[in-house]
Each structure stands twice: as C-alpha cells, then as structure tokens.
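One structure is given below, encoded as structure tokens.
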Amino acid sequence: MDYSFHNNYKMKKYILFLLLSLLLPSSCTNDLPQDKQDNLIGLLVSLEKEGWEACKRHDTIAFANLCTNDQFEIWGDGQILTVRDVISQIPDTEILEYSMDNIEVFFPTDETAIVRYKILSKVSYKGTLIPSQWMIASSVWVKNKNGWKFAMYQETPLPK
C-alpha cells in the first residue's frame, strides 16, 4: 500500500495547523490558575530543552521517548525528516553549543502546545561544521495518555 499520500496529507495538516495556531494564538489554559499555567509552560520549555540535550548526549532512546511515533521535522535547509531519520543522524551529529531566546508557549487546545523560540546552534555532522545562523523554531507538543509528546519541529532561518 502506498502511504505517501497519507503521510503527505498528514504533514500538510500539521503545517496548516501550525500556521493557523501561530497566526491566531489563543490560550485554552486561561482557565488554569496562573501558577499551574506557569508550571505547564515550564514543563514544556523543559521538555523542549530535554530534546536538544538528548541529541547533544547522543541519547537516541531519550529522544525517541519524547516523540510521537509519527513525529517529523522540517529543517531550515528544507529537509523533511521522520523521527527515524532524525534518530539515525544523532550518532553522527555533534551539538557543540546552542542558545535559545524569546521562548513563547501557545495552547491552541488543552492537549496541544506550540513552543516557539529563536535558536542559534553550533553543530557538526560527520565532522563537518554546519554554518551557524539564528533560526525561528517551532515545536508542536501533544498531550496523550503518556504525557506530553513531541509531534513536530520546524525551523526558519532569520535574515542575516
């Protein structure tokens, strides 16, 4: 069976959802007391950083445990990678350092969060240093029976 249409459709649905959510951010967590909302935001920011740290440590199991089975990423150079693709590249990737700035969290629904931030990373892949550039990154996290899981990552280079 050809799954390319299904995966393409699913990816377009995620991207459309992400774009609409960024254009019309709303917080379904407004009903939560401020301290609980702050705790939830802190948890999601912590999970985002945990993903970066898992990659930095070459810990493919920790990274995979953060992700949904159909997680995917759209990198600043236009590559689209499945979670399996990302995991296969982690051993050959050295995250030498990274800096996150202007972190914001939006809640389109009670079970969906978008973490948006600026990132600058110094990375090498198979020994070749990749030029650093500030990016705007967005991650979609979904809440299921196992807690919050990483569903999608997208980055866009900022003009130099």
| task | Could you state the accessible area per residue of segment 28-160 in Å², with a 1.4 Å probe and every protein chain left in place? | result | 54 Å²
| Set Lys122/Lys149; Lys49/Lys122; Lys118/Lys143 screened for pairs whose C-alpha atoms are more than 19 Å apart | Lys122/Lys149; Lys118/Lys143
| said: Explain nothing, just the number: relative contact order of segment 41-160, from Cα pairs under 8 Å at least 6 residues apart, as a whole percent. | reply: 25 percent
| note | Karplus-derived 3J(HN,Hα) from phi for segment 110-117 (6.51 cos²θ - 1.76 cosθ + 1.60, θ = phi - 60°), whole Hz, x at Gly and Pro, runs 5, 10, 9, 9, 10, 9, 10, 6
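The values are calculated or read from the model by the stated rules, or taken from the named source; none is laboratory data. Here the structure is a predicted model, which is why all the values come from computation and not from measurement. Heads up: the accessible areas ignore ligands, DNA and RNA and are worked out on the full protein's heavy atoms, side chains in. Shrake-Rupley method; radii C 1.70, N 1.55, O 1.52, S 1.80 Å.
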